[in-house]
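Asker: I am attaching a structure below and will ask some questions about it afterwards.
Where a number appears in this text, it was derived from the coordinates with a stated rule and is not lab data. Being a predicted model, the structure only gives us computed values, none of them experimental. Glycine gets a Cβ as well: all are built from the backbone with ideal geometry, and neighbour counts include every protein chain shown.
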Amino acid sequence: MVSGDTAVRRLGVAARLFAFVALGTPMLWSKDVAGLSLLLVLGVVLLGGILTELVPRWLAGWTPIAEAALIGVLVAVTLDTTLGLAGAVALPPFIAGLRRGLLAMAVAVSTGVIPIALMVALTQWAVDTEMGLVLFSWVAMGVGLGLIACFLHATLHRRPDSLSAYRSARTLIGELLDLSGGLDSGLDPQVLGGALLSTVGDTVATRTLVLLVPRNDDGGCLTPLVAVQTTTEHDSAETDLDLLGEIAEEARRCGHLVLHEDRFAVPLVADAVTTVGVVAGLLPGPAATAGLDSARFTRLLPSLTASAVRLETALLFRALRDSATAEERRRLAREMHDGIAQDIASLGYLLDLLAARPASPAQAEQFEALRTRISSVVTEVRRSVESLRTDVGASESLGAAIATLARNLGEAAGIPIKVTTDERTTRLRPEVEAELFRITQEALNNAVRHARASRIDVHCLVHAPRAAITVADDGLGLQQSRRDSYGLKIMQERADLVHADLEIDNRDSGGLVVSIRLPTVSQDPVRPPRTSDTVSV
């Protein structure tokens with residue numbers, strides 16, 4: 001990155017060279033021999049100014065004032081010979097303003113004009129209209145260029161503000177809050193996506209319609225955000241989504257409507273460059289039979305473009321929220337690890353010193369019980385830190401992340417946890433996976449900590465955009481919640497964020513079952529896993 005002083009030096013050199021060429025070219029064209037000889041003198045003055053760019057900053061800063069005086073004298077003594085050098089008076093104000101700011105610019109203008117005014121007054125030349133207009137125009141040009149240079153000077157020498165990022169964020173967030181009241185459709189991607197599919201469905205008769213968006217902000221593979229199906233055949237529904245995923249990728253690559261027999265895909269473009277997502281559909285029959293052509297989609301384009309802008313805004317807002325949430329979780333994990341965990345461990349060391357010299361056997365037993373309790377609290381804090389830092393993003397899939405979590409919890413608590421997964425290659429949106437993972441994590445933590453369970457079974461099915469997760473234990477079942485307990489409420493809030501159904505019920509055989517279902521495909525209930533991979537702890 002070029003520093004401010006370096007940029008000023010380069011601009012100063014470039015300005016002098018440009019002025020010399022701009023003044024000399026007309027003289028060469030008109031073969032003005034007298035003017036060319038005077039131009040050489042000006043060149044010497046400008047060369048001196050270029051050389052001073054190499055001297056210390058405090059000295060070079062006042063060089064334009066000396067240049068202004070020399071150029072003013074040169075223009076004054078040549079007024080009766082040529083007006084070709086009059087333009088040189090506009091150069092010193094620009095360089096002075098670039099170097100020292102407004103005061104130096106004003107001094108440079110005055111220093112350049114004074115020799116000309118004195119020469120006219122002392123010699124009593126008759127300044128004709130042409131000469132007066134030329135001189136006035138170049139002096140005014142010098143003032144204008146000087147003001148521009150003053151702005152550049154202030155910009156290049158502005159002190160870096162360590163809080164500039166926060167100030168910008170504050171301004172943008174404030175604007176977003178002000179605008180949020182005017183967002184008639186809100187900032188929920190699922191709601192906006194459903195409305196978009198309804199718009200397409202009102203125009204095109206389909207048996208399957210799905211909205212796919214890039215999984216990551218940097219444009220990863222497409223993943224279903226929301227879908228609508230009229231068929232009730234589960235196997236057919238899964239095949240439809242696979243076929244539509246292929247044609248959607250093709251539409252994203254080519255950037256326009258794609259029609260393949262009974263399938264179509266149209267990219268959603270928020271502006272001339274950005275593709276927000278792709279709407280893909282399966283027709284009841286071939287496109288020709290259904291009367292589907294590009295003209296029908298042409299009529300849809302205005303509403304699709306508006307929907308794409310809303311959807312992109314919602315996706316960006318959710319990405320911002322998720323990024324802030326993830327960073328806050330990491331911060332809390334650091335605070336717990338470096339603060340509470342260390343303080344409790346220090347209490348344990350102090351207790352060990354006291355327990356080394358008990359006053360009585362009874363006191364020794366009390367010390368031992370207290371030491372056991374402190375160790376349990378330390379283990380619980382460390383488990384919480386690990387839970388806060390665990391994320392789906394580092395795993396190959398949601399099922400893999402849940403299996404890792406279950407393995408860690410089971411080993412720490414000594415409780416067997418069996419995880420059964422049934423997942424397809426296509427993944428859910430990152431924010432959906434994150435919320436489902438946190439709900440599952442809370443359910444497992446409750447089963448390990450409070451249920452007194454001897455066995456926990458977890459079933460995870462993910463056929464994007466559908467998902468179903470079940471956590472069942474053989475513990476005490478649903479107990480009366482405490483006033484200071486917010487676990488179940490938080491689980492419900494997380495489910496509401498991704499429009500999932502959360503059910504918590506007692507098992508007939510004893511224990512509790514927590515079910516999370518993501519019914520984003522209408523009229524297509526999620527069934528239990530058919531084929532599965534099993535991870536036991």
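Asker: At R0 = 60 Å, how high is the FRET efficiency between Leu316 and Thr372 if r is their beta carbon distance? Nearest 0.05 is fine.
Answerer: Approximately 0.75, to the nearest 0.05.
Asker: Taking 0.36 nm per residue of sequence separation and subtracting the Cα-Cα distance, how much length would be gained by fully extending the chain between Tyr349 and Asp271, in nm to one decimal? Walk me through the numbers on the way to the answer.
Answerer: Numbers: separation 78, 0.36 × 78 = 28.08 nm, distance 6.26 nm.
Contour length minus the Cα-Cα distance gives 21.8 nm.
Asker: Distance in nm between label sites at Ala412 and Arg170, each 7 Å beyond Cα in the beta-carbon direction?
Answerer: 3.8
Asker: Using 0.36 nm per residue, how much length does the chain from Glu380 to Arg357 gain when fully extended, once their Cα-Cα distance is taken away?
Answerer: 5.5 nm
Asker: May I pose another question? Among Cys150, Cys254, Cys460, which comes first, second and so on when ranked by fewest other beta-carbon atoms within 10 Å?
Answerer: Cys254, Cys150, Cys460
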